[in-house]
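> A single structure is presented below for examination.
The values are calculated or read from the model by the stated rules, or taken from the named source; none is laboratory data. As the structure is a computational prediction, the values presented were derived from the model and not from experiment. Every residue, glycine as well, gets a Cβ built from its backbone with ideal geometry; the counts of neighbours run over all protein chains shown. The protein model used for the area step is the full one, side chains on, heavy atoms only, and it has no ligands, DNA or RNA in it. Shrake-Rupley method; radii C 1.70, N 1.55, O 1.52, S 1.80 Å.
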Amino acid sequence: MAKERPLYVCQTCGASSPRWLGRCPACTAWNTLVETVAEPATSAPGKNRLSGAFAALTPSDQVRRLAEIEAEDIARTPTGQAELDRVLGGGIVAGGVVLIGGDPGIGKSTLLLQALDALERGATTSVADVSEATGLATLYVTGEESGAQVALRARRLGLAGSPVAVLAEIQLEKILTTLTERQPAVAVIDSIQTLYSDQLTSAPGSVAQVRECAAHLTRWAKTSGGAVVLVGHVTKDGQLAGPRVLEHMVDTVLYFEGDTHSSFRLIRAIKNRFGAAGEIGVFAMTERGLKGVSNPSAIFLTPHAQPVPGSCVLVTLEGTRPLLVEVQALVDAGGPSPRRLSVGLDRERLAMLLAVLHRHAGVACGDQDVFVNAVGGVRIGEPAADLAVLLAIHSSLRGKPLPKGLVAFGEVGLAGEVRPAPRGQERLKEAAKLGFAAALVPKANAPKRPLRDLEGLTLYPVERIEQALAAVRDMEAAG
Ligand code: TYD
Ligand code: MG
């Protein structure tokens, strides 16, 4: 079979060139040209091996008014993992494509094997109709491990007798043929970076291969109605290896987060066409696989025997869930060029907050190293973390612990103002539920009337960063 003529397409502006160039002639961006297959204008049947399978693909030329099109509810199948279903928006959607990214060893293969097993056994429907549960046909395509290794993991998970079908294969065309033949309801591709299409000359894992393979698998999902879960690796800087276009192609993008040293794992929905983005699921890695943590709000708190300086409890919001996370700061005498380092929090924002602290509250850290850390490997992206970060820094600088049982949240602006955070009351309720005694919050987030849910929680509403620091001093003075 003759190879298709390669075409190099700029990932930034879309310009194409018949040969590879270091710099795109159209938009002058460097290293953006990527090999793709030039689609022949009219593909004769049999010429392209894949065209036969997708012959039924030609889109209908019937244009209808929106009003005439019936909106269909999406059918979802729960995966048997309530936390996974939560980020998926209720379960696996027929014809949907999910991309799961995460560091190596974080638990992607483990979770998906558990989910496939539950789907295949039909153990995922609610107890009431378990008699009718038949289970779905699934296929686990592994490109990274041999069948024996997958079996070993299954044994470890207590799924030794699992009915899940496993295919150890990395060639896209063979996988597509198998998919078309077996028509599984859910197929897992572990991982997309190991696949290659023989239509392309570039190596597996290259941008061109990843994109091409994902495109074909997506097309299979859309035409057959089977769901596809693609496992993707992330690079050192936390991006999915492969082009951004992968994220655009799929319906749902999930990221695994968490520290491989701790047992907790978060899955975050970055994008979801079938549910809410930003939603998180929380798991614990146990000796027998991942277990959902249904009430996770307190897992990121460190129990300190005595209050320690530089620690502040933040009430953050992950998706629709309030989570209490300990923010730690260490301010220490620095060298000639002091360092600012943050783990789990935005570093640019840290520099900005230090400037605000200096300018508006007169607290200087200019010659100090400043380190901040969100405990437990969570990544906090929301600006509502600002106030807790500043309080932790201030506490470390003074070498004085914050008052016991204090939580804080609120965005701090460049003018030193403390801005309200979304869903303040839910955050306060969670803090009260977990027995916290005081909350330093933006004034606009403090309820006008006392609420029964917030009993036992003393509120300290503030409008400016200076007020927040003064409130801490008042609390200390009051003992
Ligand atoms: P894995 O699912 O292979 O990660 P990924 O596919 O994301 O690379 O997870 C492997 C890690 O999880 C490994 O370090 C061992 C650990 N693990 C457990 O702690 N308990 C278990 O039951 C299993 C199967 C793995
Ligand atoms: Mg794996």
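> Which of the numbered conditions does Ala385 fail, given that it passes all the others? Conditions: (1) buried (at least 24 other Cβ atoms within 10 Å of the Cβ); (2) in a loop (DSSP other than H, G, I, E, B).
Unmet for Ala385, out of (1) buried (at least 24 other Cβ atoms within 10 Å of the Cβ); (2) in a loop (DSSP other than H, G, I, E, B): (2).
> For segment 242-251, does any single residue satisfy the condition of being of a type outside the set (Ser, Thr, Tyr) and assigned to a strand (DSSP E or B)?
no
> Report yes if Pro309 is surrounded by fewer than 21 Cβ atoms within 10 Å (Cβ to Cβ), without any contact (Cβ under 8 Å) to a residue 40 or more places away in the chain and of a type outside the set (A, V, I, L, M), otherwise no.
Here the answer is no, as Pro309 does not meet what is asked.
> Follow-up question, since we're still on this one. Count, please, the residues in segment 179-209 that happen to be modelled with pLDDT of 95 or more and within 16 Å of ligand 2 (Cβ to nearest atom).
Looking only at that region, the number is 3.
> If the Cβ limit is 9 Å and pairs must be 6+ apart or interchain, which residue in segment 102-120 that is in contact (Cβ under 8 Å) with a residue 40 or more places away in the chain and of a type in the set (Asp, Glu) pairs with which residue that is outside any helix (DSSP H, G or I) and near ligand 1 (Cβ under 8 Å from one of its atoms)?
Asp103/Phe256; Asp103/Thr260; Asp117/Leu157
> Got a sec? Which strands (runs of 3 or more DSSP E) wholly within segment 288-379 have at least 3 residues that are over 30 Å from Ser109 (Cα atoms), touching a strand residue (DSSP E or B) at 6+ places or on another chain (Cβ under 7 Å) and of a type outside the set (S, T, N, Q)?
Once the strands (runs of 3 or more DSSP E) in segment 288-379 are filtered for at least 3 residues that are over 30 Å from Ser109 (Cα atoms), touching a strand residue (DSSP E or B) at 6+ places or on another chain (Cβ under 7 Å) and of a type outside the set (S, T, N, Q), what remains is 311-318, 321-333, 368-374.
> Here's another thing I want to ask about it. Identify, please: which residue in segment 71-114 is within 16 Å of ligand 2 (Cβ to nearest atom) and over 18 Å from the mean Cα position of the chain (by Cα) and is, among those, least open to solvent (accessible area, probe 1.4 Å)?
Taking the candidates together, the pick is Leu113.
> To continue, here is another question. Identify, from the list Leu314, Leu290, Leu330, Leu324, the residue that is surrounded by 15 or more Cβ atoms within 10 Å (Cβ to Cβ), in the same structural domain as Gly105 (by TED's automatic domain parsing) and in contact (Cβ under 8 Å) with a residue 12 or more places away in the chain.
Testing whether each residue is surrounded by 15 or more Cβ atoms within 10 Å (Cβ to Cβ), in the same structural domain as Gly105 (by TED's automatic domain parsing) and in contact (Cβ under 8 Å) with a residue 12 or more places away in the chain leaves just Leu290.
> Let me ask something additional. Going by the structure shown, is Leu176 outside any loop (DSSP other than H, G, I, E, B), open to solvent by 60 Å² or more (accessible area, probe 1.4 Å) and either of a type in the set (A, V, I, L, M, F, W, C) or modelled with pLDDT of 95 or more (or both)?
No: the conditions fail for Leu176.
> Just give me the residues in segment 425-462 being among the small types (Gly, Ala, Ser) and open to solvent by less than 50 Å² (accessible area, probe 1.4 Å), in sequence order.
Ala431, Ala432, Ala437, Ala438, Ala439, Ala446 - these are the residues of segment 425-462 that are among the small types (Gly, Ala, Ser) and open to solvent by less than 50 Å² (accessible area, probe 1.4 Å).
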